[in-house]
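Asks: Just dropping this structure here.
Taken together, the values in this text are just the output of simple stated rules run on the coordinates, not laboratory data. Just so it is clear, the model here is predicted, and its values are computed rather than measured. With ideal geometry, Cβ positions are generated from the backbone for all residues, glycine too; neighbour counts draw on all protein chains shown.
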There are 4 protein chains.
Amino acid sequence: KTLPYKQVMTHSQYDYVKSFEIPDPCLPNCWPVVRIDGKNFHKFSTTHNFEKPNDDRALKLMTAAATSVMDLLNDIVLAYGQSDEYSFVFKKKTKAYNRRSSKLSSVVVSQFSTSYVYHWKKYFPDLELQYPPAFDSRLVLYPSDKNLRDYLSWRQVDCHINNMYNYCFWKLVQSGLTHVESQERLKGTLSGDKNELLFSQFGINYNNLPQLHRKGTVIIRDKERSTNHLAKIAR
Amino acid sequence: KTLPYKQVMTHSQYDYVKSFEIPDPCLPNCWPVVRIDGKNFHKFSTTHNFEKPNDDRALKLMTAAATSVMDLLNDIVLAYGQSDEYSFVFKKKTKAYNRRSSKLSSVVVSQFSTSYVYHWKKYFPDLELQYPPAFDSRLVLYPSDKNLRDYLSWRQVDCHINNMYNYCFWKLVQSGLTHVESQERLKGTLSGDKNELLFSQFGINYNNLPQLHRKGTVIIRDKERSTNHLAKIAR
Amino acid sequence: KTLPYKQVMTHSQYDYVKSFEIPDPCLPNCWPVVRIDGKNFHKFSTTHNFEKPNDDRALKLMTAAATSVMDLLNDIVLAYGQSDEYSFVFKKKTKAYNRRSSKLSSVVVSQFSTSYVYHWKKYFPDLELQYPPAFDSRLVLYPSDKNLRDYLSWRQVDCHINNMYNYCFWKLVQSGLTHVESQERLKGTLSGDKNELLFSQFGINYNNLPQLHRKGTVIIRDKERSTNHLAKIAR
Amino acid sequence: KTLPYKQVMTHSQYDYVKSFEIPDPCLPNCWPVVRIDGKNFHKFSTTHNFEKPNDDRALKLMTAAATSVMDLLNDIVLAYGQSDEYSFVFKKKTKAYNRRSSKLSSVVVSQFSTSYVYHWKKYFPDLELQYPPAFDSRLVLYPSDKNLRDYLSWRQVDCHINNMYNYCFWKLVQSGLTHVESQERLKGTLSGDKNELLFSQFGINYNNLPQLHRKGTVIIRDKERSTNHLAKIAR
């Protein structure tokens, strides 16, 4: 609020509508994880001519926005990002916003969103942002440490599978195939087939590709230096 | 996703974590209302030297961001804004995002957030945005038309009360009183007292102040022209 | 509790587990409806040799149990029952148990359950109850009066369809067909076909069958006489 | 349902009301605990002249009803009861009723309720049940084993505190004091004071009182013998 000082509210006949707000606290002793995800980013990446299969500027902008979220919310202990999504892990015992699910979820996605636009020009100095994109967010609770690790593994496996497919697809397209032909060529291929295709046809050893593309980005809080300073680790 | 075509996911041992996402559909036949609200906007308005008690540029930027939300989501029929908050009313029968509460709430606040930063320079051409602000959002369901009208009245009464207080407060400050003295002067005053203070001390007739300040802003969809074009009505 | 007077609780290191109870208030201004439903009542009706297709003693016992629920909870304005299910409609503005969903739902099904066993001997004086049956319950919110009427119509259409099918099925079985043969005979038949079958083969005019079987039972509160006395209307 | 075979439902204009049922699955990998609790059992125990401070017949009837619940629901691994309440712990990974919270909670309280009345005459052979009582139920999720243990400790501490108070209170009443006088005598007393009062005034060594009264009852499933047979351990 822009009010300098909190004043006592006059009660009106309309105040009863406040009672329609249903409480939504997170179950205690669970890891709250907020995942944000780009809406219609296929169109967004096309409009802004993102490099294929990965645009390092776009990935770094995502990480800058995620870092801004962690700067705002000290109870986020770790973030993991890939492609147009980022997951934020809150402390199991966080009391932030009284663990209200809608608050945690909305503040994360809002801070991420404003930061994405705010930092755009730093990562795309020569490219004007054409329109403001949107992200969605959801909050999921993970009861055990194993569940949390498996969640992060789930997102990293997703990164790996999509990245391998995308490398093959765009290399085929760049070699002259149409989108449909490339898609047909990859239909039914397994991981080994794609490795082989990249190596035999394009001389690419998948395991030598940048970790940033194959594994995504983890952001952790560097407690040694300060609670507000973050060490970024691209794995 | 930046994937050009949806591929069949390989199933992994980690997929089970998806089952921790609990469905959160809105109850049918209720008006879903998403309200966004600025976080720490007292500090934000101070940092950016917002004019007191109202900064028309800031209010118009809020409305530009809200319009962007209505452009994105056709099922929003009406928006009401004042100060650093905006409420978005979805059609009672909206099927947008399968009525998933977290989707509706997060996409609204995210589109609002990116648009706020994106349009900043249009409304503050001479003032650099110092840092990306954040908004929170919540979704509330209103079963009857009367409940919805009362909700909007509730927000508008809030606008009126805060605006009258703010006008008095800042006029007192601008006349030389400290913040504390102004606050003391207004303690316990009723609406009539504030009207009198404005008139006798500053020659201001409250009812002649801009409707934009006293009543807030309503955005409605102009069905006559196009479903995508919005008529903005500042009351 | 059996404690005569509430004493101040000593606080222990375990009290924190209370915080895992998540609030579950009903949205205001909606009709809370609790429906109870017999578990495994096909087996229960077979074990107790219920008359087919309808056992009036069993139906009346259901209504006695439902009446006991309405005697306990004054905010229930209407109940509708058929077969092994009963629906209880609370006042839209009920404050009973602070509108806590789990309380409303559990007290209804519990009072229904104890009353079912308690009143058994009155309706089955010559038949010992072989084992205690179970019912489940759920609470559903209906925002508008039309939704509530449609809910009741939905249950009554269900009554009608099941009753017509059951009459045909059991008349065929009683005429010598096996269960499978009767089922085959009815496969794909429409309402008109079943009417015709009952009339031509068994001389039964469906519309002359007891309203209790065709339409179910409505229980309303007789405000004229007393808030605790109920008028039972079998339609 | 009493329908012998499931038939294809005819669709009606009212079927849409089914969509108002909101899913309520338990979060995976948490211990679902259902606690049932007697409603107005002070009145119930007075009406039926329960012995004070503990009526062993009433406690054993509670345990018989709880055992009936465990016989019905194989995924309950443990139950703990004291006074007029019982807690049922489901397996962390139970799939019973698809983990639907309202189903688990309602079937437990219903089976408990019917069994309580059904078994009444066995434990009170000379005392007619005067009216059918009601219980409420709630389902709470506990993420970790420690949380579950602490939950059970919480209920057992509650048992201990109430039991010690009740012993003192009723001994004082039986010695001639009024209810109000007994209450006054105990006001502000700590555990040690009550121990001393019992010993010095009534010659009772609290630690020699029956474990059933001091610690409550645990029911565990005896896997050695059969999944349906339960070993009852009164601690």
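Asks: How about the stretch A:11-44: which of its residues are small (Gly, Ala, Ser), within 30 Å of residue B:20 (Cα to Cα) and within 8 Å of chain B (Cβ to nearest Cβ)?
Replies: Narrowing the stretch A:11-44 to residues small (Gly, Ala, Ser): A:12, A:19, A:38.
Subsequent filtering for residues that are within 30 Å of residue B:20 (Cα to Cα) retains A:19, A:38.
Answer for the stretch A:11-44, where residues must be small (Gly, Ala, Ser), within 30 Å of residue B:20 (Cα to Cα) and within 8 Å of chain B (Cβ to nearest Cβ): just A:38.
Asks: Here's something else I'd like to know. Give me the residue from the stretch A:127-138 that is touching a residue at least 24 places away in the same chain (Cβ under 8 Å) and facing another protein chain (nearest Cβ under 7 Å) and, out of that set, surrounded by the fewest Cβ atoms within 10 Å (Cβ to Cβ).
Replies: A:129
Asks: Say whether the condition of being in contact (Cβ under 8 Å) with a residue 24 or more places away in the chain, surrounded by fewer than 24 Cβ atoms within 10 Å (Cβ to Cβ) and under 15 Å from the mean Cα position of the chain (by Cα) is met by at least one residue in the stretch D:46-56.
Replies: Scanning the stretch D:46-56 turns up at least one residue that is in contact (Cβ under 8 Å) with a residue 24 or more places away in the chain, surrounded by fewer than 24 Cβ atoms within 10 Å (Cβ to Cβ) and under 15 Å from the mean Cα position of the chain (by Cα).
Asks: Another one. Given the condition of a type in the set (Ser, Thr, Tyr) and within 30 Å of residue B:71 (Cβ to Cβ), answer yes or no: does some residue in the stretch B:192-207 qualify?
Replies: Checked the stretch B:192-207: no residue is of a type in the set (Ser, Thr, Tyr) and within 30 Å of residue B:71 (Cβ to Cβ).
Listed here are the residues, each with its yes/no results for (1) among the aromatic types (Phe, Trp, Tyr); (2) part of a helix (DSSP H, G or I); (3) within 14 Å of chain A (Cβ to nearest Cβ).
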| position | (1), (2), (3) |
| --- | --- |
| D:140 | no, no, yes |
| D:151 | yes, yes, yes |
| D:159 | no, yes, no |
| D:162 | no, yes, no |
| D:171 | no, yes, no |
| D:185 | no, yes, no |
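Asks: Just need a number here: residues in the stretch C:190-201 that are touching a helix residue (DSSP H, G or I) at 6+ places or on another chain (Cβ under 8 Å), under 11 Å from residue C:164 (Cα atoms) and not small (Gly, Ala, Ser).
Replies: 4
Asks: Here's a check for you: in the stretch C:187-217, which residue that is in a helix (DSSP H, G or I) and of a type in the set (Gly, Ala, Ser) is farthest from the chain's Cα centre (by Cα)? Break it down stepwise before answering.
Replies: In the first step, residues of the stretch C:187-217 are kept if they are in a helix (DSSP H, G or I); the result is C:191-202, C:206-208, C:211-215.
If we keep only those that are of a type in the set (Gly, Ala, Ser) as well, we get C:191-192, C:200.
Numbers: C:191: 24, C:192: 28, C:200: 33 Å.
Going through the qualifying residues, I end up with C:200.
Asks: If you don't mind, there's one more thing I want to ask. Inspect the stretch C:80-95 for any residue being in contact (Cβ under 8 Å) with a residue 60 or more places away in the chain, at the interface with chain D (Cβ under 7 Å from one of its Cβ atoms) and within 20 Å of residue D:103 (Cβ to Cβ) and give the result as yes or no.
Replies: Checked against the condition, which is being in contact (Cβ under 8 Å) with a residue 60 or more places away in the chain, at the interface with chain D (Cβ under 7 Å from one of its Cβ atoms) and within 20 Å of residue D:103 (Cβ to Cβ), the stretch C:80-95 yields at least one hit.
Asks: Could you go through the stretch C:164-183 and let me know if any residue there is β-branched (Val, Ile, Thr) and surrounded by fewer than 17 Cβ atoms within 10 Å (Cβ to Cβ).
Replies: Checked the stretch C:164-183: at least one residue is β-branched (Val, Ile, Thr) and surrounded by fewer than 17 Cβ atoms within 10 Å (Cβ to Cβ).
Asks: How about the stretch C:45-58: which of its residues are touching a helix residue (DSSP H, G or I) at 6+ places or on another chain (Cβ under 6 Å) and more than 9 Å from every other protein chain (Cβ to nearest Cβ)? Break it down into steps so the answer makes sense when it comes.
Replies: Taking the stretch C:45-58 first, the residues touching a helix residue (DSSP H, G or I) at 6+ places or on another chain (Cβ under 6 Å) are C:50, C:52-54, C:57.
Correct list: C:57 only.
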